[in-house]
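Contents: one structure, followed by commentary.
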Amino acid sequence: MTLLQIMISHMSFCRLSLSVRYSKQYSSGIIYLMDRSGVTVLNTEQRRDKIIDLLWAHQEPLSGNELAKIFGVTRQVIVQDIAILRASGKEIIATAQGYILKKPLHLCSKQIAVCHDEKNTREELLIFIECGCKVIDVIVEHPLYGELHGMLMLSSSHDVDNFIHAMKKHKASLLSQLTNGVHIHTVEAINYDCINKAESLLKSKGILLE
(Lines give C-alpha, C1' and ligand atoms only; values in the text may rest on other atoms or scores of the structure.)
Protein backbone atom coordinates (compact mmCIF):
# COMPACT_ATOMS: atom_id res chain seq x y z
CA MET A 1 0.00 0.00 0.00
CA THR A 2 1.35 3.41 -1.01
CA LEU A 3 1.62 6.34 1.38
CA LEU A 4 -1.27 8.07 -0.47
CA GLN A 5 -3.50 4.99 -0.04
CA ILE A 6 -2.67 4.83 3.68
CA MET A 7 -3.56 8.52 4.10
CA ILE A 8 -6.88 8.10 2.23
CA SER A 9 -7.72 5.02 4.33
CA HIS A 10 -6.95 6.90 7.56
CA MET A 11 -9.08 9.87 6.48
CA SER A 12 -12.01 7.58 5.67
CA PHE A 13 -11.75 5.92 9.07
CA CYS A 14 -11.71 9.31 10.80
CA ARG A 15 -14.84 10.42 8.92
CA LEU A 16 -16.60 7.19 9.90
CA SER A 17 -15.56 7.64 13.51
CA LEU A 18 -16.91 11.18 13.58
CA SER A 19 -20.21 10.19 11.97
CA VAL A 20 -20.98 7.40 14.40
CA ARG A 21 -22.04 7.73 18.01
CA TYR A 22 -23.34 5.48 20.78
CA SER A 23 -26.78 6.91 21.44
CA LYS A 24 -29.00 4.29 23.09
CA GLN A 25 -28.63 1.81 25.88
CA TYR A 26 -31.47 -0.57 26.69
CA SER A 27 -32.36 -2.45 29.87
CA SER A 28 -30.54 -5.50 28.54
CA GLY A 29 -27.27 -3.60 28.87
CA ILE A 30 -26.63 -3.84 25.13
CA ILE A 31 -25.46 -0.61 23.49
CA TYR A 32 -26.29 -0.17 19.82
CA LEU A 33 -24.10 1.76 17.40
CA MET A 34 -26.16 4.50 15.76
CA ASP A 35 -25.31 6.94 13.00
CA ARG A 36 -26.45 10.56 12.92
CA SER A 37 -29.74 9.70 11.24
CA GLY A 38 -30.56 7.25 14.03
CA VAL A 39 -30.13 4.15 11.88
CA THR A 40 -28.40 1.21 13.50
CA VAL A 41 -25.04 0.38 11.93
CA LEU A 42 -25.40 -3.39 11.80
CA ASN A 43 -25.44 -5.85 8.96
CA THR A 44 -28.20 -8.47 8.65
CA GLU A 45 -26.40 -11.20 10.55
CA GLN A 46 -25.40 -8.83 13.36
CA ARG A 47 -28.97 -7.54 13.64
CA ARG A 48 -30.35 -11.05 14.00
CA ASP A 49 -27.79 -11.85 16.67
CA LYS A 50 -28.80 -8.71 18.57
CA ILE A 51 -32.48 -9.63 18.26
CA ILE A 52 -31.72 -12.89 20.08
CA ASP A 53 -29.74 -10.95 22.71
CA LEU A 54 -32.66 -8.60 23.31
CA LEU A 55 -35.26 -11.37 23.51
CA TRP A 56 -33.06 -13.30 25.93
CA ALA A 57 -32.62 -10.26 28.18
CA HIS A 58 -36.32 -9.38 28.32
CA GLN A 59 -38.93 -11.22 30.35
CA GLU A 60 -41.79 -9.43 28.61
CA PRO A 61 -42.58 -9.78 24.89
CA LEU A 62 -41.08 -7.33 22.41
CA SER A 63 -43.30 -6.33 19.51
CA GLY A 64 -42.20 -6.21 15.90
CA ASN A 65 -42.69 -2.44 15.91
CA GLU A 66 -40.46 -2.04 18.98
CA LEU A 67 -37.70 -4.12 17.39
CA ALA A 68 -38.05 -2.23 14.12
CA LYS A 69 -37.62 1.09 15.93
CA ILE A 70 -34.57 -0.15 17.83
CA PHE A 71 -32.79 -1.37 14.70
CA GLY A 72 -33.96 1.34 12.32
CA VAL A 73 -35.67 -1.05 9.90
CA THR A 74 -39.27 -1.78 8.91
CA ARG A 75 -41.50 -4.19 10.80
CA GLN A 76 -41.53 -6.45 7.73
CA VAL A 77 -37.74 -6.80 7.95
CA ILE A 78 -38.11 -7.89 11.58
CA VAL A 79 -40.82 -10.41 10.61
CA GLN A 80 -38.43 -11.88 8.04
CA ASP A 81 -35.59 -11.93 10.56
CA ILE A 82 -37.77 -13.79 13.09
CA ALA A 83 -38.89 -16.31 10.45
CA ILE A 84 -35.28 -17.07 9.48
CA LEU A 85 -34.18 -17.30 13.13
CA ARG A 86 -37.00 -19.73 13.88
CA ALA A 87 -36.12 -21.78 10.81
CA SER A 88 -32.54 -21.98 12.10
CA GLY A 89 -33.77 -23.56 15.34
CA LYS A 90 -34.21 -20.56 17.64
CA GLU A 91 -37.25 -21.12 19.85
CA ILE A 92 -38.93 -17.76 19.36
CA ILE A 93 -42.60 -17.63 20.24
CA ALA A 94 -44.92 -15.13 18.57
CA THR A 95 -47.69 -13.89 20.86
CA ALA A 96 -50.31 -11.17 20.55
CA GLN A 97 -48.06 -8.99 22.72
CA GLY A 98 -44.90 -9.61 20.72
CA TYR A 99 -41.97 -12.03 20.49
CA ILE A 100 -40.40 -13.94 23.34
CA LEU A 101 -37.54 -16.40 23.47
CA LYS A 102 -38.28 -19.75 25.07
CA LYS A 103 -35.86 -20.29 27.93
CA PRO A 104 -35.02 -23.53 29.74
CA LEU A 105 -36.84 -23.39 33.07
CA HIS A 106 -37.64 -26.16 35.54
CA LEU A 107 -41.38 -25.59 35.74
CA CYS A 108 -44.32 -27.92 36.16
CA SER A 109 -46.58 -28.12 33.13
CA LYS A 110 -50.01 -29.62 32.47
CA GLN A 111 -52.75 -29.49 29.86
CA ILE A 112 -56.17 -28.78 31.34
CA ALA A 113 -59.46 -29.32 29.49
CA VAL A 114 -62.18 -26.73 30.10
CA CYS A 115 -65.49 -25.64 28.67
CA HIS A 116 -67.18 -22.24 28.95
CA ASP A 117 -68.71 -19.50 26.83
CA GLU A 118 -67.13 -16.17 25.94
CA LYS A 119 -68.49 -14.29 28.96
CA ASN A 120 -66.54 -16.57 31.34
CA THR A 121 -63.21 -16.18 29.53
CA ARG A 122 -61.79 -13.53 31.85
CA GLU A 123 -62.90 -15.39 34.98
CA GLU A 124 -61.30 -18.62 33.76
CA LEU A 125 -57.99 -17.00 32.86
CA LEU A 126 -57.80 -15.06 36.13
CA ILE A 127 -58.29 -18.26 38.10
CA PHE A 128 -55.11 -19.63 36.54
CA ILE A 129 -53.22 -16.39 37.16
CA GLU A 130 -54.34 -15.97 40.76
CA CYS A 131 -53.29 -19.55 41.54
CA GLY A 132 -49.76 -18.83 40.28
CA CYS A 133 -50.06 -20.39 36.84
CA LYS A 134 -48.98 -19.03 33.48
CA VAL A 135 -51.36 -19.74 30.60
CA ILE A 136 -49.16 -20.77 27.69
CA ASP A 137 -51.67 -21.49 24.93
CA VAL A 138 -55.14 -22.58 23.91
CA ILE A 139 -55.81 -25.72 21.88
CA VAL A 140 -58.95 -26.87 20.07
CA GLU A 141 -59.59 -29.90 17.89
CA HIS A 142 -60.87 -28.91 14.47
CA PRO A 143 -62.68 -31.54 12.35
CA LEU A 144 -60.71 -30.57 9.23
CA TYR A 145 -57.35 -29.23 10.45
CA GLY A 146 -56.89 -31.30 13.59
CA GLU A 147 -55.33 -29.45 16.52
CA LEU A 148 -55.30 -25.68 16.30
CA HIS A 149 -53.01 -23.80 18.68
CA GLY A 150 -53.10 -20.18 19.76
CA MET A 151 -50.22 -18.75 21.80
CA LEU A 152 -51.35 -16.75 24.83
CA MET A 153 -48.41 -16.45 27.26
CA LEU A 154 -50.50 -14.79 29.97
CA SER A 155 -48.81 -14.42 33.34
CA SER A 156 -50.61 -11.50 35.03
CA SER A 157 -54.03 -9.93 35.38
CA HIS A 158 -52.71 -7.10 33.21
CA ASP A 159 -51.98 -9.61 30.43
CA VAL A 160 -55.49 -11.02 30.75
CA ASP A 161 -57.11 -7.57 30.57
CA ASN A 162 -55.02 -6.71 27.51
CA PHE A 163 -56.08 -9.97 25.86
CA ILE A 164 -59.77 -9.29 26.52
CA HIS A 165 -59.40 -5.70 25.34
CA ALA A 166 -57.70 -6.80 22.09
CA MET A 167 -60.40 -9.42 21.49
CA LYS A 168 -63.13 -6.79 21.80
CA LYS A 169 -61.24 -4.14 19.86
CA HIS A 170 -60.66 -6.42 16.87
CA LYS A 171 -64.05 -8.13 17.24
CA ALA A 172 -62.18 -11.43 17.21
CA SER A 173 -63.73 -14.81 17.94
CA LEU A 174 -62.24 -17.25 20.42
CA LEU A 175 -60.89 -20.51 19.04
CA SER A 176 -63.19 -22.32 21.47
CA GLN A 177 -66.20 -21.04 19.53
CA LEU A 178 -65.27 -23.61 16.89
CA THR A 179 -65.83 -26.38 19.42
CA ASN A 180 -68.82 -25.12 21.42
CA GLY A 181 -66.61 -23.82 24.20
CA VAL A 182 -64.47 -26.95 24.63
CA HIS A 183 -60.73 -26.26 24.67
CA ILE A 184 -57.44 -27.07 26.37
CA HIS A 185 -54.95 -24.76 28.06
CA THR A 186 -51.31 -25.61 28.62
CA VAL A 187 -50.29 -24.03 31.93
CA GLU A 188 -47.00 -23.76 33.80
CA ALA A 189 -46.27 -23.15 37.47
CA ILE A 190 -43.43 -23.51 39.96
CA ASN A 191 -45.14 -26.57 41.45
CA TYR A 192 -48.17 -28.80 40.95
CA ASP A 193 -49.89 -27.36 44.02
CA CYS A 194 -50.59 -24.21 42.01
CA ILE A 195 -52.01 -26.21 39.13
CA ASN A 196 -54.10 -28.43 41.42
CA LYS A 197 -55.51 -25.36 43.17
CA ALA A 198 -56.51 -23.87 39.81
CA GLU A 199 -58.21 -27.12 38.79
CA SER A 200 -60.19 -27.21 42.04
CA LEU A 201 -61.43 -23.64 41.54
CA LEU A 202 -62.31 -24.29 37.91
CA LYS A 203 -64.25 -27.38 38.99
CA SER A 204 -66.21 -25.38 41.57
CA LYS A 205 -67.17 -22.89 38.83
CA GLY A 206 -68.33 -25.68 36.49
CA ILE A 207 -65.59 -24.84 33.97
CA LEU A 208 -63.29 -27.86 34.34
CA LEU A 209 -63.91 -30.86 32.06
CA GLU A 210 -63.44 -34.25 33.72
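Key figures for this structure:
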{"quantity": "Positions within the stretch 156-183 being under 15 Å from residue 127 (Cβ atoms), not aromatic (Phe, Trp, Tyr) and not in a loop (DSSP other than H, G, I, E, B), in sequence order", "calculated": "157, 159, 160, 161, 164, 183"}
{"quantity": "Test: residue in the stretch 64-84 that is assigned to a strand (DSSP E or B) and of a type outside the set (Phe, Trp, Tyr)", "calculated": "no"}
{"quantity": "Counted residues, the stretch 184-198 - those being assigned to a loop (DSSP other than H, G, I, E, B) and either within 13 Å of residue 142 (Cα to Cα) or among the aliphatic types (A, V, I, L, M) (or both)", "calculated": "1"}
{"quantity": "Exclusive hit being of a type outside the set (Gly, Ala, Ser), at pLDDT below 90 and touching a Phe, Trp or Tyr at 6+ places or on another chain (Cβ under 8 Å), set 42, 55, 62", "calculated": "42"}
{"quantity": "Residue that is of a type in the set (A, V, I, L, M) and exposed (fewer than 14 other Cβ atoms within 10 Å of the Cβ), where the choices are 198, 172", "calculated": "172"}
{"quantity": "Given (1) over 22 Å from the mean Cα position of the chain (by Cα); (2) at pLDDT 95 or above; (3) part of a strand (DSSP E or B), index of the condition residue 141 fails", "calculated": "(2)"}
{"quantity": "Given (1) free of Cβ contacts under 8 Å to residues at least 24 places away in the same chain; (2) part of a strand (DSSP E or B); (3) not aromatic (Phe, Trp, Tyr), index of the condition residue 119 fails", "calculated": "(2)"}
{"quantity": "Contacts under 7 angstrom Cβ, first residue in the stretch 146-171 being closer than 18 Å to residue 189 by Cβ, partner of a type in the set (Lys, Arg), 6 or more apart", "calculated": "154/134; 155/134; 160/122"}
{"quantity": "Residue selected from the stretch 69-83 under the condition under 12 Å from residue 50 (Cα atoms) and under 15 Å from the mean Cα position of the chain (by Cα), by the criterion surrounded by the most Cβ atoms within 10 Å (Cβ to Cβ)", "calculated": "78"}
{"quantity": "Matching entry among 60, 45 (being part of a loop (DSSP other than H, G, I, E, B) and either out of contact with any helix residue (DSSP H, G or I) (no Cβ under 7 Å at 6 or more places or on another chain) or under 25 Å from residue 159 (Cβ atoms) (or both))", "calculated": "60"}
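Quick grid of which residues meet (1) among the basic types (Lys, Arg); (2) closer than 16 Å to residue 205 by Cβ:
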{"position": "97", "(1), (2)": "no, no"}
{"position": "104", "(1), (2)": "no, no"}
{"position": "110", "(1), (2)": "yes, no"}
{"position": "116", "(1), (2)": "no, yes"}
{"position": "130", "(1), (2)": "no, yes"}
{"position": "133", "(1), (2)": "no, yes"}
{"position": "174", "(1), (2)": "no, no"}
{"position": "185", "(1), (2)": "no, yes"}
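The values are calculated or read from the model by the stated rules, or taken from the named source; none is laboratory data. Every value quoted in this text rests on a predicted model; they were computed, and no experiment measured them. Note that we place each Cβ from the backbone using ideal geometry, even for glycine, and neighbour counts take in every protein chain shown.
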